[in-house]
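Engineer: Sharing a structure with you now.
Quick note: the coordinates plus some simple rules give every number you see, no bench work behind them. What you see is a predicted model; the values in this text were computed from it and never measured. Cβ atoms come from the backbone with ideal geometry, glycine included; neighbour counts cover every protein chain shown.
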Amino acid sequence: MRNDLKLGDGEEITAWLAELDEVGPPGEPVRLPRGDEARELLRRLEVPEADVEEIVAALPRPDRDPAVWWLLERTHHAIVVRMGDWKTHRSAAPSLPSDIGAVARYFHVYVFLATIPAVRRFHASRDVPEAITWDTLDQLGELVEVHRRKFGEGGMSKQYWTACILRGIVFRLGRLQFDLGIGRDGEPELGLHIPERGGRLVPEIFEESLRRARPFFDRHFPEHGARVTTGMSWMYDPQLAEYLTEEDSHIVRLRRGWTLIDSEPYMIGDRSILEFVFRYNGQPLDELPQHTRLQKAVVAHLKAGRHWYNRVGQLELP
């Protein structure tokens, strides 16, 4: 059945299909919302209107799209069988070739929609408030929006991250997201992530989310027991101090109390800082706005032939 799609024979695709063969079909039929039900759900997930109708029109059906449905069922099942598992290595399903059409570009949106009921059941079993469940799931809309901005067409290609959300190991608490994980030392930790949507990242809002994290996870995941949060970001790059001070930058103030736990830079962060600061989509540096000190610093640094780096920082949870 799966061979009806031209997915290629690369190592990533081959490994993924082998995993799906092993997982097998779900124990109960996969259901996708359709028509107005699908539109209502997509809008609740804050998917842009530009994508809603395209997603609904391309919704796969088992009779019309048997190969896609085969992949959908098993990808959904591979997520559900790992629900709540924060110890297993997090592999990501690949994107389907975009030349297959909208059903391929939105494939992981359909996996998301199909898995929402299982996520909600799992959250409820952990007594997670429904408002937090929906705040967490709402990131789908942001990721669909980012895809269109970056690639000029509808789709969603951040399935590594959405799979973590669907597995019930990521939660949005205010402005920040936290995921259950294990650190390099084998001890539990909470990964910290900053969604694009949510308004300005000022210290007071940042710290409010940090204060919520430990009580939330101690209550709903007491077996985890994390006492620190870890994040990898250009925000922890010490080079920022060459251009900005705590007096003139929220970003620099946010780093207060964080300790770098990587010994040296190892991951270039040019693309991530450009995307965060400018909502970057590939334009020349000279065309980027230069209204803030941070914008001027980012561009001046890159035009000097230097790189920004994603560094790993850690903070003890309050």
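Engineer: Amide H to amide H under 5 Å from Tyr309: which residues, 5+ apart in sequence or cross-chain, H placed 1.01 Å off N in plane?
Structural biologist: Gly269
Engineer: Residues with amide H under 5 Å of Val228's amide H, sequence separation 5 or more or different chain, H placed in the peptide plane at 1.01 Å from N; which?
Structural biologist: Result for Val228 returns Leu190, Leu317.
Engineer: Right, another one. Tell me the Rg and the Dmax, in Å, that the Cα atoms of the chain produce.
Structural biologist: 20.5, 62
Engineer: Related question: Counting only other residues whose beta carbon sits under 11 Å from that of Arg253, what net charge do I get with K and R as +1, D and E as -1? Working shown, then result.
Structural biologist: Numbers: positive: Arg255, Arg256; negative: Glu204, Glu207, Glu246, Glu247, Asp248.
It works out to a net charge of -3.
Engineer: Springs between alpha-carbon pairs under 10 angstrom, Gaussian network model over the chain: which of Gln295, Gln283, Gln239 fluctuates most?
Structural biologist: So, out of Gln295, Gln283, Gln239, the one fluctuating most is Gln283.
Engineer: Hey, another quick one. Compute the separation of the alpha-carbon centres of the range 101-153 and the range 200-215 and state it in Å as a whole number.
Structural biologist: 23 Å
Engineer: Next question. Which longest run of the chain has no exposed loop site in it, a site being trypsin sites (Lys or Arg not before Pro) in a DSSP loop with at most 14 other beta carbons within 10 Å, and the site itself not part of the run?
Structural biologist: Excluding the exposed sites themselves, the longest stretch runs over 127-183.
Engineer: In a GNM of the chain with a 10 Å cut-off on Cα contacts, which of Gly152, Gly35, Gly27 has the highest mean-square fluctuation?
Structural biologist: Checking each option, the largest mean-square fluctuation is seen for Gly27.
Engineer: Shifting gears a bit: After finding the eigenvalues of the alpha carbon gyration tensor for the range 2-168, what semi-axes result from the square roots of 5 times each, listed largest first in whole Å? Please report the intermediate quantities before stating the final value.
Structural biologist: Values: eigenvalues 98, 84, 46 Å².
Its equivalent ellipsoid spans semi-axes of 22, 21, 15 Å.
Engineer: Let me ask another. Mind checking the range 261-318 for chymotrypsin sites (Phe, Trp or Tyr not before Pro) that DSSP puts in a loop (not H, G, I, E or B) and that have at most 13 other Cβ atoms within 10 Å? Mind dumping the intermediate values first?
Structural biologist: Working: sites: Tyr266, Phe276, Phe278, Tyr280, Trp308, Tyr309; in loops: Tyr266, Tyr280, Trp308.
For chymotrypsin sites (Phe, Trp or Tyr not before Pro) across the range 261-318 that sit outside H, G, I, E and B with at most 13 neighbouring Cβ atoms in 10 Å, the list reads Tyr266.
Engineer: Size of the dipole of the range 204-316 about the Cα centre, Lys and Arg at +1 and Asp and Glu at -1 on the beta carbon, nothing else charged, in debye to 20?
Structural biologist: 120 debye
Engineer: Dipole of the chain (Lys/Arg Cβ +1, Asp/Glu Cβ -1, origin at the Cα centre): which of Ile55, Ile13, Ala124 lies farthest to the positive side?
Structural biologist: Towards the positive end, the residue furthest out is Ala124.
Engineer: Which value in nm describes the separation of the simple spin-label points at Arg90 and Glu19, placed 7 Å from the Cα toward the beta carbon?
Structural biologist: 1.2 nm
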